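Engineer: Take this structure first; my questions come after.
Just so it is clear, none of the values below were taken in a lab; they were calculated from the coordinates. Here the structure is a predicted model, which is why all the values come from computation and not from measurement. Quick reminder, even Gly has a Cβ in these numbers, built from the backbone with ideal geometry, and neighbours come from all protein chains shown.
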Amino acid sequence: MVLEGTWTSLFTWIFCALIPCLLMDPGARVPAPQNLSVHSANMNHRLTWSPVTVSGDAAVRYWVEYQGEYESLYMSHIWIPSRWCSPTPGPECDVTDDITATVPYGLRVRATAGPETSAWSALKQPFNRNSTRLTPPRMAVTKDGSHLVLELEDLGPQCEFFVVYWRNEPGAKEHAKVVRGAGLPVHLGAMEPGAAYCVKARTRVTVISRHSAFGQAQCVEAQGEPLPLALALFAFLAFVLFLVALPFSVWKMGQLLRYSCCPMASLPDTLKITNPSRKLVACRREEEVDACVLAVLSPEEVFGAWI
């Protein structure tokens, strides 16, 4: 009986010792990644987890998979490998390109070391991209001659910017402009000499119908001095005089061109007849004519005879 009890105890001890091995995952010697979380800002989503350490010299690599609403409801709960992180050597993965819809997404990670693989670790709560944190863009406000110029930080293709600018004085009217794309200078408007202008901007994402708060305004002052009132009045009067003198100048120039190109012919004073009277007509040579004939001629006849 004692021997039988001993064998029974030994068998029980061996069976209990083997149960964990039988239930253990084949790759259980590689720990599963822990502390999964998603850091999302301005529609850029990054999945992170705690690094996995293993004994030996085997390199640890990670595999990331995601499951959206469509895969969960219509494709039998399949998981799709991330296009950039299957595998990846570091404990993070940019899943921005994998999150393409505004629906809950499940994310999971496993580690491998050589031929051994860990169990999957899943994100505790599904991630939805409408929870991303939106921040105002960094910007640089400068002047190009008399133009107000703005350059915005590039936050990605999903982001656009709502820009407000105004002249820095009490009661000034604000002007708004939507800027799509960033990284290139944007001309906002003309600046008056000696005046200061301010600009502020916020980020807007149309696909999730959200926007950030406005960032801190930046101001820049245009070069030059404002035009004095007396000089402005003088310029206005000069303009009015110019408008008045312009028609007269055009008429006078037309007259000059008319008489220069097509002058009117007039008789010399010596040929003008002021008092029709007896005039000396024409004489033959003095040696042949004893006396000249006197006759009354009209001005036309006199001009013809002179020619």
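Engineer: Could you tell me the distance between the Cα centroids of region 79-142 and region 150-183, to the nearest Å?
Structural biologist: What the calculation gives is 31 Å, centre to centre.
Engineer: Moving to a separate point now. log10 I(q)/I(0), Debye, Cα-only region 139-221, no solvent, q = 0.19, 0.21 Å⁻¹?
Structural biologist: Values returned for q = 0.19, 0.21 Å⁻¹ are -0.80, -0.95.
Engineer: To continue, here is another question. With the Cα gyration tensor of region 76-193 in hand, convert its eigenvalues to equivalent ellipsoid semi-axes via √(5λ) and list them largest first in whole Å.
Structural biologist: 47, 16, 11
Engineer: For region 24-131, what value does the Rg/Rh ratio take when both radii are computed over Cα atoms and Rh is the Kirkwood radius, given to two decimals?
Structural biologist: 0.98
Engineer: Another one. By count of other Cβ within 10 Å, fewest leading, how are 142, 135, 112 ordered?
Structural biologist: The order, fewest Cβ neighbours first, is 142, 135, 112.
Engineer: List the extent of the Cα atoms of region 66-118 along each of their three principal axes, largest first, rounded to whole Å.
Structural biologist: Per principal axis, max minus min of the Cα coordinates gives 34, 23, 14 Å.
Engineer: Non-local amide H neighbours of residue 146 (under 5 Å, H modeled in plane, Pro and chain starts lacking H): which ones?
Structural biologist: none
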